[in-house]
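Heads up, the thing below is written out as structure tokens.
The values are calculated or read from the model by the stated rules, or taken from the named source; none is laboratory data. Remember, it's a predicted structure, so these values are computed and weren't measured experimentally. Heads up, the Cβs are rebuilt from the backbone with ideal geometry, glycines too, and the neighbour counts pull from every protein chain shown.
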Amino acid sequence: MAEMDVSSGGGHKKGPGVKKGKKLSTRIDLTPMVDLGFLLITFFMYTTTMSKPKTMEINMPDNEKVEVDKQTKIKASVAMTVLLSKDHRIYYYEGLADDPTKPPEVKVTYFNPQKGIRNVIIDKKKRLEEQRQSDSSLTAKDQVTILIKPDVNSTYDDLVNILDEMAINDVKIYAILDISDVDKDYILKTEQANGIAPQ
């Protein structure tokens, strides 16, 4: 039992004929204070808001097949395709590249803070906003749509980084697709044009 002894230290001399009083000691029991401390700790632990882990929500596509006429059509003016490749290289081109007679101009960039993929996305959004003001066929619903196609030799880290770029640049419409043989051919031709040795 926790106790605190409070007793009078020194006595005063009393005159003759005065009876000496009995010295009493005061004891304070501190056991309830310990119980109260544990109750308060428990109370604050239960009432404190626990920090929730922050995760990125990704809506995965359904397995059901959608008819061609019900599929969402993407305008070539709002689309940009991003190809993730080896050595953290990012190949990108604007449009859908659906016309084989007119291959797109494929450019290469990286995850650099300056002049990287982030600047490419920001520039695309600015140009679309300017185009929306001059072109009446584009409405507020026509937003930048980015098609992400990771190659087999790209890393999972690059995929996470490009998804982070979608969140940072507030790109609301994007999709992760399988890379096609045509896109692989674009990467190979761009490597040859830029003098990048294939590995």
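Observations on the structure shown:
- Test: residue in the stretch 72-86 that is under 27 Å from Ile117 (Cβ atoms), in a loop (DSSP other than H, G, I, E, B) and modelled with pLDDT under 70: yes
- When residues of the stretch 167-199 are limited to those that are polar (S, T, N, Q) and assigned to a loop (DSSP other than H, G, I, E, B), the one nearest to Lys73 (Cα to Cα): Ser180
- Checking each residue in the stretch 128-166 for being at pLDDT below 90, among the charged types (D, E, K, R) and either touching a Pro at 6+ places or on another chain (Cβ under 6 Å) or in a loop (DSSP other than H, G, I, E, B) (or both) picks out Asp135, Lys141, Asp142.
- Residue count for the stretch 85-115 satisfying the condition of being in contact (Cβ under 8 Å) with a residue 24 or more places away in the chain and within 19 Å of the chain's Cα centre (by Cα): 1.
- Of all the residues in the stretch 86-119, those that are within 14 Å of Asn194 (Cβ to Cβ) and among the β-branched types (Val, Ile, Thr) number 4.
- In summary, Tyr46 fulfils each of the numbered conditions (1) part of a loop (DSSP other than H, G, I, E, B); (2) modelled with pLDDT of 80 or more; (3) hydroxyl-bearing (Ser, Thr, Tyr) with the single exception of condition (1).
- Flag for Tyr186 being closer than 14 Å to Leu84 by Cβ and in contact with a helix residue (DSSP H, G or I) (Cβ under 9 Å, 6 or more places away or on another chain): no
- The stretch 109-127 - residue that is out of contact with any Asp or Glu (no Cβ under 8 Å at 6 or more places or on another chain) and not in a loop (DSSP other than H, G, I, E, B) and, of those, nearest to Asp181 (Cα to Cα): Thr109
- Considered as a group, the residues in the stretch 118-164 that are crowded, with 16+ Cβ neighbours inside 10 Å and among the acidic types (Asp, Glu) include one that is nearest to His88 (Cα to Cα), and that residue is Asp158.
- Taken together, Leu138, Leu128 contain a single residue that is more than 23 Å from Thr55 (Cα to Cα) and touching a helix residue (DSSP H, G or I) at 6+ places or on another chain (Cβ under 7 Å), which is Leu138.
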